[in-house]
Amino acid sequence: MLFVSPLKYPFVLLSDFNSSKSFRSKRYEKKNFKMKQEKSEKDSNKNKEWINSILLQEKHKSSLNTDNLRKIGNNILKNTSFPSKKDESWRFTKLDQLFEMKFVNLDYEVETDFTKNYFLENFEARCVFVNGIFIPYLFQKKEKSNSYFLGKFSDLDNEKKRKIRNLAGKGESGINGGFFPILNMASLDEIAVLYINAETKITKPIQVLFATSTKENPVCINQKLIIVCEKNSSAKIIQQHIGFDESAFFDNSTTTILVDEEANLDFFLVNQVPETASNFNSIHVDLRKSSSFNFLSTSFGGFLSRISLGIDLNGINASCNVEGISVVKNSQISDIHSRISHNYPFCKSSQLHKNLISDKGHSIFAGKVQVHNGACETESNQLCKSLLLSPTSKVDSMPILEINNEDVKCTHGSTVSDLDQDQLFYFKSRGIPLEKARFLLTIGFIKEIIEKLPKELNENLFRSINDVIKN
């Protein structure tokens, strides 16, 4: 009997088939590995070019202290990995546009008169830095008093220098803050200092203005502010970041704050840089026994902005209140990462952050509250609220609690919504046009935070917000 095989193709041994498959798989893996290696080398070269365009900038004449900090920063930077989406703290934040900027040498003979548009009339003192350099003729101090010092670190007396030198590298504003604070240290332009002596009470705000002005090509500014409030002192500080017209720049700033026993500090951080720029602020606050710290941030400017805030409650009965508003439009990205650590008993903290997002804007909030072992009778609450004004708006919100103690009262939460349709219907039923109703509800969302700013600043920012909402 003749048997005809139904198989169309010649018989192939299974072992030969597996061998062939294994060969093809290995060849594909080898090719894939080679492509990844080439991409990694290309990215590495691109990263080196970006860093070198900052580190190789010609520096303005600086003090020995600044030079020493640069050397320390450079040594640490060599062993610090470049930020990427593989890092937990950067996985939601797109850095592509920032890393595409190539920086040129700073121009120190630039427009400075535009800063006068931001001057407050009701103030105690004013200190202005343009392109990272202190501008003496724009400095103003209403009362000639030795109760506090405001100016450059190099002009400080040796005793105070010794006291605050160790503060420069602490927490989020120093080497523990990651890549950008280390880059700030490695390429530091200037250190500004506000030193408030014990028992001093300053009721009017002190304005520290960081301005940037460029002609054509982008520049990178690395500046640092150190604030010391000695025992039983109190003050209000406004740290404001601005830019001239459509200047393109990267403002990479750090702020270090020490609030000593029974001292009180109200600190306002305002970002008003143009959308052609990027603004990063890395801040660390050290709170001592029975001290209090009130922090309010407003972020409107920059194609990419980020606040990295770290607060250590390092004394019994210390307290902090953190509030913020981010107004994000077009394709802007606004990012706030915060850490509040309760290290001692009987401390209190509260945090409220609001995001107002329109167009293709993207807002990121990552807030962590830590209660360490031994920090009994801690009270803490944290809330992030986001209002989306368009279908393409985006928010990533991550409130986090880490509690290593049982005797605590802690809450945290996050809400995301668009404008309430029932409220819009209510306005409409009262004869109020839809556009007006949307405007009123949006203003109402952020009003409770904006109203806490000093009056002049409040009015200025409300005008900016009105323009955003109307558009």
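The values are calculated or read from the model by the stated rules, or taken from the named source; none is laboratory data. Note that the structure is a prediction, hence the values are computed from the model and not measured. Glycine also receives a Cβ, built like all others from the backbone with ideal geometry; neighbour counts cover every protein chain displayed. Calculation scope for accessible area: heavy atoms of the full protein, side chains included, ligands and nucleic acids excluded. Shrake-Rupley method; radii C 1.70, N 1.55, O 1.52, S 1.80 Å.
Laid out as a table, the results:
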item	result
Residue within segment 412-420 that is over 23 Å from the mean Cα position of the chain (by Cα) and part of a strand (DSSP E or B) present	yes
Residue in segment 147-155 that is of a type in the set (Asp, Glu) and within 30 Å of residue 236 (Cα to Cα) present	yes
Within segment 190-207, tally of residues that are closer than 21 Å to residue 269 by Cβ and either crowded, with 23+ Cβ neighbours inside 10 Å or in contact with a Phe, Trp or Tyr (Cβ under 8 Å, 6 or more places away or on another chain) (or both)	12
Any hit, segment 230-246, residues being open to solvent by less than 10 Å² (accessible area, probe 1.4 Å) and in contact with a Gly (Cβ under 7 Å, 6 or more places away or on another chain)	no
Output for segment 100-121, where each listed residue is out of contact with any Phe, Trp or Tyr (no Cβ under 8 Å at 6 or more places or on another chain) and not hydroxyl-bearing (Ser, Thr, Tyr)	100, 104, 105, 106, 107, 109, 113, 116, 117, 119, 120, 121
Of the criteria (1) crowded, with 21+ Cβ neighbours inside 10 Å; (2) touching a His at 6+ places or on another chain (Cβ under 9 Å), which one residue 354 fails	(2)
Residues located in segment 99-119, provided they are of a type outside the set (Phe, Trp, Tyr), part of a loop (DSSP other than H, G, I, E, B), surrounded by 14 or more Cβ atoms within 10 Å (Cβ to Cβ) and at pLDDT 90 or above	101
Cross-chain or 6+ apart pairs with Cβ under 9 Å, segment 362-383 first and within 19 Å of residue 396 (Cα to Cα) and modelled with pLDDT of 95 or more, then part of a loop (DSSP other than H, G, I, E, B) and open to solvent by 60 Å² or more (accessible area, probe 1.4 Å)	362/94; 362/331
Condition met for residue 363 (closer than 17 Å to residue 446 by Cβ and either of a type in the set (Ser, Thr, Tyr) or surrounded by 19 or more Cβ atoms within 10 Å (Cβ to Cβ) (or both))	yes
Qualifying positions in segment 95-130 - farther than 30 Å from residue 145 by Cα and aliphatic (A, V, I, L, M)	95, 98, 101, 104, 106, 110
Subset of segment 287-335 (residues that are open to solvent by 10 Å² or more (accessible area, probe 1.4 Å) and acidic (Asp, Glu))	312, 323
Qualifying residue in segment 192-210 (condition: touching a His at 6+ places or on another chain (Cβ under 9 Å), under 16 Å from residue 125 (Cα atoms), in contact (Cβ under 8 Å) with a residue 40 or more places away in the chain and assigned to a strand (DSSP E or B))	yes
